[in-house]
1. Simple spin-label model, 7 Å along Cα-to-Cβ: residue 306 to residue 269 in nm?
2. So if we plug the beta-carbon distance of residue 102 and residue 196 into 1/(1 + (r/R0)^6) with R0 = 41 Å, what FRET efficiency do we get, rounded to 0.05?
3. Would you mind working out the accessible area per residue for the range 101-164, using a 1.4 Å probe, and quoting it in Å²?
4. Please list, in chain and number order, the residues 5+ apart from residue 14 or on another chain whose amide H is under 5 Å from its amide H, with Hs placed from the backbone.
5. For the range 184-289, report the accessible area per residue in Å² (1.4 Å probe, heavy atoms, rounded to an integer).
6. How much length would be gained if the chain were fully extended between residue 278 and residue 173, taking 0.36 nm per residue of separation minus their Cα-Cα distance, in nm to one decimal?
7. If the cut-off is a Cα-Cα distance under 18 Å, which aspartates and glutamates reach residue 160, setting aside same-chain residues fewer than 8 apart in sequence?
8. If R0 is 22 Å, what FRET efficiency do you get for residue 234 and residue 162 from their C-beta distance, rounded to 0.05?
Amino acid sequence: MQLGLACPVCSQLNLLSATSCVRCGTGLAPAQAPRSASPQQTGPQVTLQPQQPPSRPQAPAAPAAPRFDAATGQPVAAANPALQSKPAARTMFFGALQQQAVVPRLVVIKGEGGDGVTYHLSGTNHVVGRGNCDIRFAEDHFLNPEHALFTAQDGRLFVKDRNSANGVFVRIKSPVPLEHDDCFLVGEQLLRLDARPLPDGSPDNEGTYRYSSPRPDGLFRIIQLLAGGGEGRVRSARGGSLTIGREGNIVDFPDDRFISGRHARLDVASDSPHVLLTDTGSRNGTFVRIKGAQELFHGDYLFVGQQLLRVEIS
């Protein structure tokens, strides 16, 4: 049996008198070993307990690299102790930003195209007119004292003409079907659709024919309504179509500075008795007089008297 001092680092067996390991240089010191439990041993037995090497200064431990969850891409708190002491941020839902009540607004458009006064329709019913109304335009003599009613319900907005003389006109965004006697605005021109069938030109009961001009082949006509009353120009469609603008159209208004070169067109619908009115990319738009109540949407424009209003619902 070989006695010696075992190195606690590399397990090298050294002489009892060694003070350091011959392999790695770790310091060694003998220690009293416990007495053997075997009764057969007659001589003293020495067991050596290695002495722990002297402590060396430790460098500060580098922070553990954070680990990330493969499914969510978020840091795992156990791998980054700094995250354990920091409360987790709460994720907000977009719905929380939309819980406030929506208040529709009417914005007056000034003559040069800028925004004027804004009216917040915080109540349910709002009357617009020249008289003692919720929204009053006292100097606009194209308005009736009580001209139109705006109703706000659950963030939605409706307008209804209150049997006014000049009506309420809403700008169209897509082709709109018109019926006989419907009115629409193109620039400064107020026009009415005449879609009645023309008389067949037959003689009277005595067989006499009336003097007349040659019959047009158009299926409908538009009539210009003049300021102060009365009718102006009457123009028939060519077949089932009629174009309106400032130049190069079936009906031109070259002196109207609010009409675009190619402003609007009318076409007989193929699947109904209506005539479709379409805005053909004009700058100032085409407006149709409403009948009954009509819902308004964000970005709509409408004429009430001489007031051009924009709807905001957001």
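The values are calculated or read from the model by the stated rules, or taken from the named source; none is laboratory data. Predicted model, so just to flag it, every value in this text is computed and none were measured. Neighbour counts run over all protein chains shown; Cβ positions are idealised from the backbone, glycine included. What goes into the accessible areas is simple: the full protein's heavy atoms, side chains included, and nothing from ligands, DNA or RNA. Shrake-Rupley method; radii C 1.70, N 1.55, O 1.52, S 1.80 Å.
1. Result for the modelled spin labels: 3.6 nm.
2. Once rounded, the FRET efficiency stands at 0.40.
3. Ligands and nucleic acids excluded, the figure is 56 Å² per residue.
4. Those qualifying (amide H under 5 Å, at least 5 residues apart or on another chain) are 5, 6, 7.
5. Averaged over the residues of the range 184-289, the accessible area is 62 Å².
6. 37.0 nm
7. Result set, ordered by chain and number: 134, 146, 182, 295, 300, 312.
8. 0.10
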